[in-house]
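Reading through the structure tokens given below for one structure.
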Amino acid sequence: MLTREEAQKRIMDLSHEINLHNYRYYVLSQPVISDFEFDRLLKELEQLEQAFPEFVLPDSPTQRIGADLTKEFAQVRHKYPMMSLGNTYSEEEIADFDQRVRKILVEVPEYICELKYDGVAIGLTYRNGRLVQALTRGDGEQGDDVIANARTIKSIPLTLWGDYPDEFEIRGEVFMPRSSFNNLNSERAQKGLPLFANPRNAASGSLKMLDPAEVASRNLDCFLYHMLGENPPADDHYQCLMKAKEWGLKVSPYLAKCHSLEEIYSFIHLWDQGRKELPFDIDGIVIKVNSYRQQQMLGYTAKSPRWAIAYKFKAERVSTPLLSVAYQVGRTGAVTPVANLEPVQLAGTTVKRASLHNADIIRKLDLHEGDHVFVEKGGEIIPKVVGVDIAMRMPDTAPVIFITHCPECGTQLIRQENEAAHYCPNEYHCPPQIKGKLEHFISRKAMNIDSLGEGKIEMLFDKGLVKDPSDLYSLTYAQLFGLEKVYISEDGLKEKKISFREKTAQNILEGIEQSKQTPFEKVLYALGIRYAGETVAKKLAGAFGDIDKLKEATFEELISVEEIGDKIAESVRSYFSDPDNVALIEKIRQHGIRFSAEKAVAEIIEDKLGGKSFVISGVFSGYSRDRLKEMIEKYGGRNVAAVSSKTDYLLAGEGMGPAKLKKARELGVKIISEKEFLKIVEGF
């Protein structure tokens with residue numbers, strides 16, 4: 001029998017040894033012991049941990065089996081925003097990217113080409129060599145911490161070795177190898193469960209499961225490709241990845257240094273042909289500027305880095321007969337034609353419908369009834385009709401003519417100048433538009449009333465209980481309890497019954513009440529102003545602070561806000577000029593919804609700025625824009641959204657808005673750099 005001291009040492013030694021064997025097997029693919037010997041070591045460790053639970057290490061290899069049930073995932077803000085890459089589908093666009101890079105750098109860049117894995121983005125944080133956090137992309141600003149599930153992925157080391165930094169983040173892609181995917185679907189078929197459409201969907205679903213033990217059985221894998229931290233171990237991307245590999249992290253071997261467009265194209269052609277031989281799915285190639293110094297010079301747009309781009313492989317294409325064309329009306333009134341197709345397999349899914357986009361596309365395709373059409377997945381996600389097999393066309397078939405009236409309410413459709421889509425203008429009485437606006441209002445990124453959903457909203461609308469978002473806040477328990485509706489599937493073979501019992505009615509009312517605490521930026525997004533997506537709503541809420549100031553904002557004030565262009569500004573002005581929209585806002589406001597941003601009052605450290613007003617624009621090297629705004633307020637200044645004759649300073653960073661710069665010069669507003677600002681407030 002081991003003493004406590006001996007048991008503790010043996011547990012530490014076994015943990016280290018097994019972690020090393022995991023690395024050799026799952027990362028290097030170079031095992032040095034048999035499976036039997038590995039299982040014997042693991043069994044010994046499990047028995048010791050059961051006998052001495054106080055010595056179980058947080059990074060013990062036994063944690064990979066996922067023994068604990070996770071009730072929910074904590075939402076954590078990314079230390080560094082998880083941006084998306086700009087996509088390109090042609091070599092000409094890669095050449096344009098290269099020209100933009102060279103124009104800014106005025107020097108020859110070195111590029112790193114990597115495979116674009118078709119999986120789920122993950123950000124792993126290591127502190128003192130131990131895995132402490134694993135965040136999904138989420139909305140790019142914050143994600144779910146799925147560390148309990150990440151620990152079950154054997155290619156993600158729980159501890160590192162070597163000269164790693166005290167703390168850093170490394171990002172990569174969690175994916176499901178094709179062999180694991182095939183085995184999973186075989187098991188599900190035997191149990192009569194629905195099959196996963198493709199490995200990416202399976203990986204995404206697996207990573208968000210609440211039972212880590214089940215995640216462990218899915219045999220996920222992970223490649224890591226981007227390091228972040230205050231003190232990188234090298235001056236360029238490639239060398240940092242090589243250092244990460246030395247620490248035990250799984251870095252893909254499928255990457256190459258390229259010094260010309262020809263070398264980039266060769267890498268693309270190699271893997272466009274070779275991707276079918278890989279044991280996992282890829283959907284393109286990522287091209288990155290290697291030097292960190294050059295990456296900083298190139299900077300970022302609001303959504304993506306200027307120093308990287310993703311080349312997407314051409315989508316898979318199939319041919320299938322067109323059965324009919326249907327027309328769907330969205331929440332904005334846009335009418336989208338949809339091709340109903342004879343079912344066909346495409347990129348791992350059965351496709352029955354595909355987008356035809358608009359009337360111009362139908363006319364350009366010269367689409368006829370009964371045609372055989374070519375279907376692709378746009379970005380390998382959304383099916384779309386891209387061509388017609390004229391050779392298969394039957395004689396005397398009629399061309400498909402776009403409808404003139406709304407298929408739902410009969411209103412004559414309109415088409416604005418410079419717009420591709422036709423719209424139903426019957427905004428307040430067309431059923432799909434009303435239901436679409438309600439569904440958008442309650443959605444997770446808006447008011448987040450998760451006790452409601454598409455089916456329940458439809459029932460409330462059909463029963464005449466809810467006609468606009470304000471009606472939700474007048475619902476009573478007596479109205480909800482006992483409501484029932486049966487929905488029949490499109491093929492008429494299945495029915496779904498929705499019933500509002502006691503618990504359902506209570507949950508709905510509680511969810512509606514809780515939504516009154518939703519912050520202003522999400523309320524603004526929930527209103528569904530055309531072109532005002534999540535990011536735009538956040539920018540507008542931050543710039544104007546409350547709905548009344550936004551309602552009165554001029555066109556010039558709107559376009560002076562970062563990322564707000566003419567089209568968005570016109571849409572916002574149009575929305576608030578409609579009396580029905582203003583009346584709806586007032587009705588919602590009466591129920592206590594937040595129509596102003598809650599702003600913490602900054603404590604003035606020293607009144608060095610004396611109430612001077614500042615407009616901030618661009619990207620800064622030393623501080624984030626939010627931090628600079630805090631400093632302005634703490635030193636007695638004011639932040640304003642738009643440049644005007646009353647503005648004292650324009651604090652200008654890299655890539656600042658040209659409209660703000662032009663107006664500041666015209667009005668004689670003083671333009672200062674980050675360095676000059678810091679000299680004013682902090683004396684350096």
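Only the coordinates and a few stated rules stand behind these numbers; no lab work does. Since we're looking at a predicted model, the values are computed, not measured. Cβ coordinates were reconstructed from backbone atoms using ideal geometry, including for glycine residues, and neighbour counts include every protein chain displayed.
Counting neighbouring beta carbons within 10 Å and listing from fewest to most, the residues Phe441, Phe595 come out as Phe595, Phe441.
The mean sequence distance of close C-alpha pairs (under 8 Å, at least 6 residues apart), as a share of the length of the stretch 317-423, puts its relative contact order at 27 percent.
Centre-to-centre separation between the Cα atoms of the stretch 95-147 and those of the stretch 391-447: 38 Å. Our summary gives the stretch 431-517 a relative contact order of 29 percent, counting only alpha carbon pairs under 8 angstrom and 6 or more residues apart. The amide H of Arg638, built 1.01 Å from its N in the peptide plane, has Lys612, Ser613, Phe614 as neighbours under 5 Å, considering only residues 5 or more places off or on other chains. Unpaired Cys in the chain, meaning no second Cys C-beta under 4.7 Å: Cys113, Cys222, Cys240, Cys258.
Backbone phi angles across the stretch 648-655, fed through the Karplus curve with coefficients 6.51, -1.76 and 1.60 (θ = phi - 60°), yield HN-Hα couplings of 8, 9, 10, 8, 9, x, 5, x Hz in residue order; Gly and Pro are listed as x.
Close amide-amide hydrogen proximity is noted between Ile671 and Leu650, each under 5 Å apart and 5 or more residues distant or on a separate chain (H modeled in the peptide plane; Pro and chain starts excluded). Set against the 2.2 N^0.38 Å expectation for a compact globular protein, the stretch 431-517 has a Cα radius of gyration ratio of 1.07. Any idea which of Cys240, Leu42, Ile529 is furthest toward the positive side of the dipole for the chain, if Lys and Arg beta-carbons carry +1 and Asp and Glu beta-carbons -1? Most positive-ward Cα: Ile529.
Ordering Asp468, Asp578, Asp163, Asp145 from the fewest to the most neighbouring beta carbons within 10 Å gives Asp163, Asp578, Asp468, Asp145. In order along the stretch 434-441, the phi-based Karplus estimate (6.51 cos²θ - 1.76 cosθ + 1.60, θ = phi - 60°) of 3J(HN,Hα) comes to 5, 5, x, 5, 5, 5, 5, 4 Hz; Gly and Pro are listed as x. Once the Cβ-Cβ distance of Ala391 and Ser304 is raised to the sixth power relative to R0 = 35 Å, the FRET efficiency obtained is 0.25. Packing, as the average of other Cβ atoms within 10 Å across residues, places the peptides 172-178, 625-631 in the order 172-178, 625-631, highest first.
Here the Karplus curve 6.51 cos²θ - 1.76 cosθ + 1.60, taken at θ = phi - 60°, turns the phi angles of the stretch 628-636 into couplings of 5, 5, 4, 5, 4, 6, 5, 9, x Hz, with x standing for Gly and Pro.
Near the amide H of Arg353, within less than 5 Å, lie the amide hydrogens of Leu341, all on another chain or at least 5 residues away, with H placed in the peptide plane. Summed over qualifying helices (DSSP H, 4 residues or more, each -39500 (n - 2.57)) and divided by its residue number, the chain shows a 222 nm mean residue ellipticity of -10500 deg cm²/dmol. Exposure proxy for Ser319, Ser577: other Cβ atoms within 10 Å of each Cβ, ordered fewest to most, give Ser577, Ser319.
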